[in-house]
Amino acid sequence: MTETTTASTDLTPAGINAAFSVPDSGDAPAAVYMIRGGWAVQYDAASTAPPRRGTTLRELWPQLPATYLGGVDATCSTDTQRVYFFKGSTCVLYDIAKNEPVGGAAPVQIGDKFPGLRNGAPDFTQGVDAGMAASDGTVYLFRGGQFVNYDLDGDEVLEQGTLEKDWANASYPDSEVYGGVVAAFNHPATRNGYLVAPGGTRSVECDTDPDAHRVTSGAKALRDRWLHRTFLSVLDGSDGRLWVFDADSGQRIRQSQVGVEPGGVVISPDGFRTLSTAKGDGGGEGNLALLDITAGTLRTVGAGVWPYRVTVLPDGSAAYVTNPLAGTAHAIDLTTGAARSIDVGPSPDGIVASPEGDRVYVATDGDPVVAVVDPTTNTVGRRFGGPITAMCTALTPDGNTLCFGIHSGVNAVAVAMTAGAGDPPLVPVGQSPEQLAPSPDAAFVYVANRGHEIKVIDVQAVREVTPVRTPRDRTNAVAVSPDGGFLFVTSERADSVQKLPVNGGDPVAEFPLGAALGNNAYLAIGPAWG
């Protein structure tokens, strides 16, 4: 068999897709908001510090149009507390200080809100990529590599051109933003601004003066100025001790206790919470524990009899928990804590939500083995995967392939197409598969299997490739860094987490836990602000 190795490429997840600033308002200092899908984080504009908070658009600005709450295409600040939100060919003006829309809650056509675009720059009436306030009270709108400077009072286009030509600076001839930007925001009360390059993780500084607009710096990671990091959570499967680390530096952020005999942990889409399960006392109802990573507060909500694995919808609206003893899954509203039981089949184990949030896959002992739950109705719509027993699961980030571990003497991982049917092919993994983790590019799935190495499955070829040797035997959990370059691994009775290159080799870091884990452990990782 020909052996291959995993590639070490920049696979950083997409970052923000909109941003805006607001000036001082009463006791509220000037702020910068960055949006990624249905989530936003708020920074104090004057400080170089992690964000003050991160939450959903629904919680921050509940009177936005319903279609905007899951995410917007762009925003554009003004020199006031009023901000434009864009989605498709529509927009709405929103007063951040009053937390209400201006002139009605219904979205209107961009051409109706900016009538000067109809003749001056008609393409912009079909949608914009970004916007920001200029230093003289006008605004800039960006679409592709084009921009307009627009007078809100006179409703006219004052200037139209391209970033490559009209914002060029000879000191930065090949700037990443000349072909277009995904977000832009001005620094309140100054001429300084930021243009965010495609990908949403890097930006350049710029002068926002209409008489002197230009790029004024090379591209830098947003996190260099607007701090964020990646969190790694570690959960002891015996006594429910939970640790949260900075995955880059190894700094311990939190340590908490979430309950006994948990079955899994995930990090919420905004990166500010861990969600983990715990068995109830004396055979009573178990809990879903939600730890606020930055605040350190812990909330619990009922989650059925002995909740086990857990997943969260991408918009952060609901968590789903399996209950193996009851043959059910619980759908838990993360705003209200209300739970609904769903019959999914015998012995449900692993559970994972699709990237779009329109399906939740539940591994069971049924026939077919995978139950597909529709989150809009919380019912099982179909099943696939053949007559086998599925346990731990991993869904590739493209949503196309569901891998699930099989014990019962088989000791293999099934590689199933989510749109397929019939019996999926199996890849032997040596010993018992305990936790699976997909690579960010959907090319590989990594398997912790109680052995002395992490097995690596080539998803397209459906076969094992070169494994990654681990420092300790009896590996029981694995996670992959968001850039795809490193594995995080724990083992039975280990007192630390090992950080390993995905291509193999000696650990590059070790995160001490201060005490030994039990026989079972769970890892989760997520890029986050905080």
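What follows draws every value from the coordinates through simple rules; no lab data is involved. Everything numeric here is computed off the predicted structure, so don't read it as measured data. All Cβ positions, glycine included, derive from the backbone under ideal geometry; neighbour counts span all protein chains shown.
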Q) Stretch ARG225-ALA189 to full length: gain in nm at 0.36 nm per residue minus the Cα-Cα span? A) 11.2 nm
**Q.** Rel. contact order, % - alpha carbon contacts under 8 angstrom, at least six apart, the chain
**A.** 10
Q.
For segment 365-461, take the convex hull of the Cα atoms, compute a quarter of its surface area, and give me that in nm², please.
A. 6.2
Q | Shape category assigned to segment 136-293 from the gyration tensor of Cα positions, a/c cut at 1.5 | A | prolate
Q) Which of the peptides 329-338, 488-497 is most tightly packed, and how do the rest follow, judged by the mean count of other Cβ atoms within 10 Å per residue? A) 488-497, 329-338
Q: Show that you can apply the helix-only estimate: for the chain, add -39,500 (n - 2.57) for every DSSP H stretch of four or more residues, divide by all residues, and state [θ] at 222 nm to the nearest 500.
A: -500 deg cm²/dmol
**Q.** Where the Cα pairs of segment 288-414 fall when distances are cut into 5 Å bins, in %
**A.** 2, 12, 22, 24, 19, 12, 6, 2, 1, 0
Q.
Can you compute 3J(HN,Hα) from phi for each residue in segment 433-447, using the Karplus curve 6.51 cos²θ - 1.76 cosθ + 1.60 with θ = phi - 60°, rounded to whole Hz and x for Gly and Pro?
A. x, 10, 8, 10, 9, x, 6, x, 8, 6, 8, 9, 10, 9, 10
Q.
I'd like the FRET efficiency for SER217 and ASN99, computed as 1/(1 + (r/R0)^6) with the beta carbon distance as r and R0 of 35 Å, rounded to 0.05.
A. 0.55
Q. Given [x] 1.10; [y] 1.03; [z] 1.29 as candidate values of Cα Rg over 2.2 N^0.38 Å, which corresponds to the one derived from the coordinates?
A. [y]
Q: Any lysines with Cα under 21 Å of the LYS98 Cα? List them, leaving off those in the same chain fewer than 8 positions away.
A: LYS113
Q: Any chance you could run the full-extension gain for SER238 through THR48? It's 0.36 nm times the residue separation minus the Cα-Cα distance, nm to one decimal.
A: 64.4 nm
Q. Treating the beta-carbon of each Lys and Arg as +1 and of each Asp and Glu as -1, no other charges, what is the dipole magnitude of the chain about its Cα centre, to the nearest 20 debye?
A. 1100
Q) How long, wide and thick is segment 373-413, going by the Cα atoms along their three principal axes, in whole angstroms, largest first? A) 37, 23, 14
Q) Considering amide H positions built from the backbone, and no H for Pro or chain starts, which residues 5 or more places from VAL427, or on another chain, come under 5 Å of its amide H? A) VAL413, ALA414, VAL415
Q: Calculate, in nm to one decimal, what ASN503 and GLN255 gain on full extension: separation in residues at 0.36 nm each, minus their alpha carbon distance.
A: 86.2 nm
**Q.** Alpha carbon centroid spacing (whole Å) that separates segment 356-415 from segment 89-115
**A.** 42
Q. Short version: ³J(HN,Hα) in whole Hz for each residue of segment 308-313, in order, from phi by Karplus 6.51 cos²θ - 1.76 cosθ + 1.60 (θ = phi - 60°), x for Gly and Pro, what are they?
A. 10, 7, 9, 9, 10, 5
